[in-house]
C-alpha cells in the first residue's frame, strides 16, 4: 500500500469512527434543574474494518452537565481513547484524551401537563483541540482515526425535541458540525424511543423504571478534501437497541449500535458495532 | 442514700416520659403537591432535594402516575404557593397546587 492510499484510508477510517460518536439517549431536551449537576460516564467498544484493515477502539467518556438557570444548561465532554489498527502485518496504536466538547443548551419551548412534557432545545458549542492530532509511530504519522484530537476548534449546533410521558418518551435531534481538519462537515439526525417495560403498572411507590430503548442514527459526512481529492459523501444509518435502569439518583444503561445501511466511499472502513455501557448520576 | 438514688431514678424517669410525650405531640402532616411535567424518577430527584431543604420537611416522595410529590412535614410547616411555584419553575416543571392530607403515610 503506498503512502497516499494509506492516508486516504486513514482519513476515511476517521470518518467512519466519527460517525459512531453518537451517545445513546444523550441528545435530548430533558430538563436540567437550576443548580443541578449531572455526571455521565460511558465505556465504549467499537470495531470497524475492511477486507485488509481492522480497527478497534476502547473509550471511556465523561460528561458533566450543569443547570445554569431553568432554561440554560452547560455541557462538557471528554473521552479517553485507546485505539488499535491492524493493517496487514502492521499494528499501530495510540491512546490519550480526546478533544473536549463544550456546549450550551437553551430550552426554547416547553409544554407541561400531568405526566407528560414536550420540550424543544437548541444548542451551540465547539470542539476544543485538547487531544493530539500529530502523533507518529515507527511507520510515520498515525492515521486521523488513531489520533486522539483534530487540531482545530470545530463548532457545532443542533436542535433537540423531547416528548415524554410516564410510559414512553421520544427524543430526536438534528446536528451539524463543521470540521476544519481534513474531513468535511458532518450532518446527523438521531431519534430515540424509550418505552417503560417495568413496572408494567405504575403504583404510588414505583421509584424505579426499566426502559427498552431503540435508537436510530443517520450520519452524513461531506467529501474528504485531503490532498485535494474528492472521495465523495458517505452516510450510515445505525440502529441501537438498548436497556436503561432508571432510579431517582442514577441511570444505568447499555446499548449495541450496529449499521443497517451504509454508503461509504471506496476503501472506507465499515463499522461493525459499537457497544456502550454507561451510568449517569445527579447530585 | 437509698432515698437519693430513688429520687434520681424518679427524676430521670419523669424526664424520659416528658421527652416521649413531647415527641408524640409533634404531629406530621402530608402535603400533596400537584406538579406537571414530571415523567420519570430521575427527573424529579432534584425537586425532592430542594423540598427537603425546607424547614420542617422530613421526607419527600413521588407518585408519578398522579403527578404528585408527597411532602411529609411538621404540622406547623407552611409551604407557600409562590415559593413552590418558583421552586418548580427552576426545576423545569409547573406547580399547580397543594392539598393537605391528615397524616403522613408510613
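FYI, it's all coordinate maths here, none of it is from the lab. Predicted model only: the values in this text are computed from it and were never measured. Heads up, the Cβs are rebuilt from the backbone with ideal geometry, glycines too, and the neighbour counts pull from every protein chain shown.
Annotations for the structure displayed:
- Restricted to strands (runs of 3 or more DSSP E) entirely inside segment B:36-106, those with at least 1 residues that are touching a residue at least 60 places away in the same chain (Cβ under 8 Å), away from chain A (no Cβ under 12 Å) and under 14 Å from the mean Cα position of the chain (by Cα) are B:94-101.
- The single condition among (1) closer than 29 Å to residue A:251 by Cβ; (2) surrounded by fewer than 19 Cβ atoms within 10 Å (Cβ to Cβ) that residue B:39 does not satisfy is (2).
- Within segment A:207-218, the set of residues being facing another protein chain (nearest Cβ under 7 Å) and either touching a strand residue (DSSP E or B) at 6+ places or on another chain (Cβ under 7 Å) or free of Cβ contacts under 8 Å to residues at least 40 places away in the same chain (or both) comprises A:208, A:209.
- Some residue of segment A:79-99 being within 27 Å of residue A:37 (Cβ to Cβ), touching a residue at least 12 places away in the same chain (Cβ under 8 Å) and within 14 Å of chain B (Cβ to nearest Cβ): no
- Condition check for residue A:132: touching a residue at least 12 places away in the same chain (Cβ under 8 Å), away from chain B (no Cβ under 14 Å) and under 26 Å from the mean Cα position of the chain (by Cα): yes
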